[in-house]
Amino acid sequence: MQPFIGMTIKELEVVAQEAGQPAYRGRQIAEWVYRRGAQNIEEMTDLPKEFRARLAESFTVGLPEVAHCDVAPDDTAKYLMRFPDGQTIESVFLPYGERVSVCLSTQIGCAAGCRFCATAIGGLSRNLTAGEIIGQFLRMQSQSSRRISHAVYMGMGEPLWNYDAVIASLRLLGNEIGVSLRNLTVSTVGVVPGIRALAQESIPVTLAISLHAPDDETRERLIPTARKWKIAEILDACAEYVRRTHRDLTFEYLLIGGVNDSPDHARGLVSLLKSRHVPGNVNLIPFNYVSTPQGFRRPERESVQRFREELERGGLVATQRMTRGHAISAACGQLRRTLLSGAKGNGTSPANDLEPIAALERGERIELMARQGAEESR
Ligand code: SAH
């Protein structure tokens, strides 16, 4: 069975024509799949009944199944989605006032091996197809009456290691689904050839760089690929991206207590970004606790505040990722890990390896939930 989701309007026109129908029938299918939230072919009532029956022999709409969904009090919703081969990924629905954003995964697992990341543990299983990437968007859209306006590629996986599918999915979001390309953000660990390639495409998406350190030495403690691609090289590629697309960048900076959160690190970041003349905001992300051999911990509230002030004093624009979604373990890969560990014995999950970590994590989740409760009641 071939999924419609992932096909362009042109490809859907060909599907219609090959079934002996006029091309506009393909545009009708696209309308149903991408704009009207159809979940099956039977719903496409303006297509002739026999044509629908014929389509159903070889095609499906192809929305991923919702294997699990947690909704936080602020309406942030974390989904575990399942594909027909049984593989699961995470996606997050994030309503912020006027704008509604979603966070999408690009791979099942990830090969980058970042020391602080829950997704890194199981390694990479496989790439997602373009259809599976936008399928997450369409599934979440089908669950909400609010129109999704933004998407960030910050879920599981490294987008620039699944380059072709990611580019195809960005084009589908822009052209077929109608999301403004400017409202799309691709986040990368710093895959230099991928950044350079992206600069050549004419798709002006926002590029976010997971910098997380002002110097290579600190960065290498956190990110294995930092040995391959040095900060200077990454920033050169970023400068090219800015030159070609005229878009600003976002630098993500994960704050881990006692590792990269000192005022010195903040001043180092200021002088790095100033000396390189790469325009961009810094997005501070307090570490979402994941149990690690290094014993990484969340930064103190005061050090986050101080770090931010130091950046602002240095003339950088700093934002702080809202710490919402803790109650539903909305950090990359956490929900999946917790659930996998509870679903032992399905043969494909690395459940046994994860159980001790997941158990610790469950403890931390409870603490975080309590903390969030305390903050809300203030
Ligand atoms: N591979 C891409 C996109 C996926 S990760 C990248 O590296 O950018 C999305 C963001 O979440 C990255 O900035 C990543 O460093 C961050 N992240 C991963 N684990 C985290 C954790 N435990 N707490 C907070 N942020 C985390």
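Structure notes:
- Residue ID - most open to solvent (accessible area, probe 1.4 Å), chosen from residues in the range 96-116 that are modelled with pLDDT under 95 and not hydroxyl-bearing (S, T, Y): E98
- Tally, over the range 284-296, of residues that are in contact with a Phe, Trp or Tyr (Cβ under 7 Å, 6 or more places away or on another chain) and not β-branched (V, I, T): 3
- Once the range 70-93 is narrowed to residues that are outside any loop (DSSP other than H, G, I, E, B) and touching a Leu at 6+ places or on another chain (Cβ under 8 Å), the residue that is nearest to L138 (Cα to Cα) is S91.
- When every residue of the range 113-131 is checked against the conditions, at least one turns out to be in a helix (DSSP H, G or I) and over 30 Å from R219 (Cα atoms).
- Test: G178 is on the phi > 0 side of the Ramachandran plot and within 16 Å of the ligand (Cβ to nearest atom): no
Residue by residue, here is whether (1) in contact with a Gly (Cβ under 9 Å, 6 or more places away or on another chain); (2) within 14 Å of the ligand (Cβ to nearest atom); (3) over 20 Å from E312 (Cα atoms) holds:
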position: Y241; (1), (2), (3): no, no, yes
position: I256; (1), (2), (3): no, yes, no
position: N260; (1), (2), (3): no, yes, no
position: G268; (1), (2), (3): no, no, no
position: I285; (1), (2), (3): no, yes, no
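- Subset of the range 294-305 that is without any contact (Cβ under 8 Å) to a residue 60 or more places away in the chain and surrounded by fewer than 16 Cβ atoms within 10 Å (Cβ to Cβ) - its residue that is farthest from the chain's Cα centre (by Cα): E302
- Contact annotation: residue pairs with Cβ atoms under 8 Å, 6 or more positions apart or on different chains, pairing a residue in the range 204-231 that is within 12 Å of V259 (Cβ to Cβ) and near the ligand (Cβ under 9 Å from one of its atoms) with a partner that is of a type in the set (K, R) and open to solvent by less than 10 Å² (accessible area, probe 1.4 Å), are H212/R219.
- Complete set of residues in the range 1-39 that are in a loop (DSSP other than H, G, I, E, B) and within 25 Å of D85 (Cα to Cα): M1, F4, I5, G6, M7, T8, G37, A38, Q39
- Filtered residue count, the range 134-179, keeping only those that are open to solvent by less than 40 Å² (accessible area, probe 1.4 Å), assigned to a helix (DSSP H, G or I) and farther than 21 Å from V191 by Cβ: 11
- Candidates A16, A30, A38 - the one that is in contact (Cβ under 8 Å) with a residue 40 or more places away in the chain, crowded, with 18+ Cβ neighbours inside 10 Å and not assigned by TED's automatic domain parsing to the domain that holds V166: A30
The values are calculated or read from the model by the stated rules, or taken from the named source; none is laboratory data. These figures come from a predicted structure and were not determined experimentally. Neighbour counts run over all protein chains shown; Cβ positions are idealised from the backbone, glycine included. We work out accessible area using only protein heavy atoms, side chains counted, and drop any ligands, DNA or RNA first. Shrake-Rupley method; radii C 1.70, N 1.55, O 1.52, S 1.80 Å.
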